[in-house]
Amino acid sequence: MEGLIGFLGGLIIFQSLLFSQVEKPEDSTSSQNLVIFKGDTMKILVAYYSRTGNTRKASQIIANTLNADVDEIVDKKSRKGILGFLRAGYDATRGNTTEITYAKDPENYDIVIIGSPVWNGRVTPAVRTYLIRNKEKMKKAAFFITCAGRPGKCLKQMRELYGGAVIAEKVILSKNIEEGAKSFAEELKKLTSSH
Ligand SMILES: Cc1cc2nc3c(=O)[nH]c(=O)nc-3n(C[C@H](O)[C@H](O)[C@H](O)COP(=O)(O)O)c2cc1C
């Protein structure tokens, strides 16, 4: 019992330490030089997981700007409360998958934009599972993550899990969701419009 309390206490301190430092003071974006055409006819999906709403909000802004479909990836494992929070950090750190549901087939889209919160510097189990399950179906991808300031290796993990062509990536800070999402959407708009 003492061991368990010590472990949980340690985990809480560890997680709060992670959040308290800012790795990059501003949102950051990177994109590869992959030219995409077709403008109007391009079908875009924004698929996201969100525990507390930040990634959902960013997804909706991006989808509205790009006239894209939006799909929520639901984690069937409860992430509520302190236990849910601790399990979330633990599962992300261990690289665990989870049981998910979602409604739209990524195969029907030219580009799939995927959004994940950062958990302990890592991708969420829900997005990990989605990428593993759908990587073969996704023609092109763009990734964004929302976090308190410590993105860690989340984007790198997403890139590696997918293994295909990533047209753009962005770190959006949770204190700056609207601005970050708008600027990423504008960047994607340029990349996806005909020229
Ligand atoms: C379990 C857990 C671990 C987290 N770890 C990090 C982290 O390592 N770095 C960070 O900057 N933010 C971290 N956060 C904060 C979230 O990434 C941030 O609040 C995010 O925007 C939440 O997205 P959501 O509202 O869509 O769930 C963590 C949050 C949770 C619940």
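Every read-out reported here was derived from the displayed coordinates using simple, explicitly stated rules and does not represent laboratory data. This one's a predicted model, so the numbers in the text were calculated from it and none came from an experiment. FYI the Cβ positions are ideal-geometry reconstructions off the backbone, even for glycines, and counts take in every protein chain you see.
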Practice prompt. First measure r as the distance between the Cβ atoms of Thr65 and Thr101, then evaluate 1/(1 + (r/R0)^6) with R0 = 35 Å and state the FRET efficiency to the nearest 0.05.
Written response: 0.85
Practice prompt. Please identify which residues in segment 118-148 have an amide N closer than 12 Å to a label point set 7 Å out from the Cα of Lys77, following the Cα→Cβ vector.
Written response: 124-129
Response to the item:
For segment 61-195, using Cα atoms only, the Rg and Dmax in Å read 14.6, 50
Response to the item:
In the structure shown, of Lys80/Lys170; Lys104/Lys156; Lys76/Lys190; Lys153/Lys182; Lys76/Lys189; Lys80/Lys189, the pairs separated by more than 31 angstrom at the C-alpha atoms are Lys76/Lys190; Lys76/Lys189; Lys80/Lys189
Worksheet item: Which FRET efficiency value, to the nearest 0.05, do you get for Asn108 and Glu136 by plugging their Cβ-Cβ distance into 1/(1 + (r/R0)^6) with R0 = 22 Å?
Response: 0.95
